[in-house]
1. How much length would be gained if the chain were fully extended between Thr113 and Glu62, taking 0.36 nm per residue of separation minus their Cα-Cα distance, in nm to one decimal?
2. Output ³J(HN,Hα) for segment 90-95: one whole-Hz value per residue in order, computed from phi by the Karplus curve 6.51 cos²θ - 1.76 cosθ + 1.60 with θ = phi - 60°, and x for Gly and Pro.
3. Using a 7 Å offset from the Cα along the Cα-to-Cβ direction at both Ser213 and Arg146, what is the distance between the two label points in nm, to one decimal?
4. Using modelled backbone amide H atoms (1.01 Å from N, in-plane), which distant-in-sequence or interchain residues come within less than 5 Å of Glu82's amide H?
5. Summing +1 for each Lys or Arg and -1 for each Asp or Glu, what net charge is found among the other residues whose Cβ lies under 15 Å from the Cβ of Ile76?
6. Give me the number: length gained by fully extending Arg79 to Val168, i.e. 0.36 nm times residue separation minus the C-alpha to C-alpha distance, one decimal in nm.
7. Counting only the backbone N, which residues of segment 85-102 are under 17 Å from the spot 7 Å out from the Cα of Gln70 toward its beta-carbon?
8. How long is segment 62-129 along each principal axis, judged by its Cα atoms, biggest number first, in Å?
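Readers should treat all values here as calculations from the given coordinates under stated rules, not as data from a laboratory. All values reported here derive from a predicted model rather than from experimental measurement. Every residue, glycine as well, gets a Cβ built from its backbone with ideal geometry; the counts of neighbours run over all protein chains shown.
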Amino acid sequence: MYIMEESKKQSQETADTKPVNKKLLIAVASVLLLVGIITTILYLRVAGSRVYDEDAEISAPEIALAPQKQGILQEIYVREGEIIPNNFVVARVGGELVKAKEQGLVISAARETGKVASPNEPVVTMINPEELRVVARVEENKGLTRIKVGQRVIFMVDAFGSKEYQGVVDEISSSSRESALTFNISSQRPTKEFNVKIRFNVGKYPELKNGMSAKVWIYR
């Protein structure tokens with residue numbers, strides 16, 4: 001008799017706890033659902049407030065140094081990586097001295113003398129390090145119209161992993177990049193890309209070099 005009463009008591013306690021457990025599960029599920037909704041909303045807001053490009057590159061306009069007349073390349077006086085001053089003699093072609101027209105960094109130089117050099121073939125190529133920019137390639141239908149000069153930019157350089165650098169939008173190309181066409185899958189219409197140049201503090205980030213690959217986030 002005692003055993004039967006004890007069994008009934010335990011069954012009643014179990015029945016009483018079932019509604020409590022069910023309510024607890026519903027409450028937990030509701031909280032998780034709410035957190036998921038809030039997280040999604042925040043993500044969409046952040047994603048909508050920035051433009052991302054993973055194929056950016058650090059570069060500067062190249063300065064080509066070539067002779068005014070065709071002749072034999074007699075001497076090369078500079079090497080890659082050298083910073084040279086304005087009016088510095090970089091090469092001798094025949095009797096002509098080829099000079100730098102401004103201070104800059106040599107990024108390439110002819111290696112073999114004794115060959116013919118012509119006005120349309122530079123013997124030395126240089127850049128002005130102060131003109132280094134991160135150049136992003138943005139498709140016209142992926143946020144280009146939301147980008148404005150002066151907007152804040154965060155970028156990462158492949159060579160330095162997850163280290164973050166800061167910059168600002170300096171220039172937005174007025175015409176699309178040559179031979180830069182992608183296709184919209186849904187309509188098969190060609191989509192053009194535009195260069196967006198990002199200025200950064202060259203003195204603050206001396207480790208950044210011409211030609212390095214980068215990823216950029218442009219914030220509205």
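1. Stretched out fully, the Thr113 to Glu62 stretch lengthens by 16.1 nm.
2. These are the phi-based 3J(HN,Hα) values: 9, 7, 10, 10, x, x Hz.
3. 2.5
4. Amide H neighbours of Glu82, under 5 Å, 5+ apart: Val106.
5. -1
6. Computed gain between Arg79 and Val168 is 28.8 nm.
7. 93-96
8. 30, 19, 17
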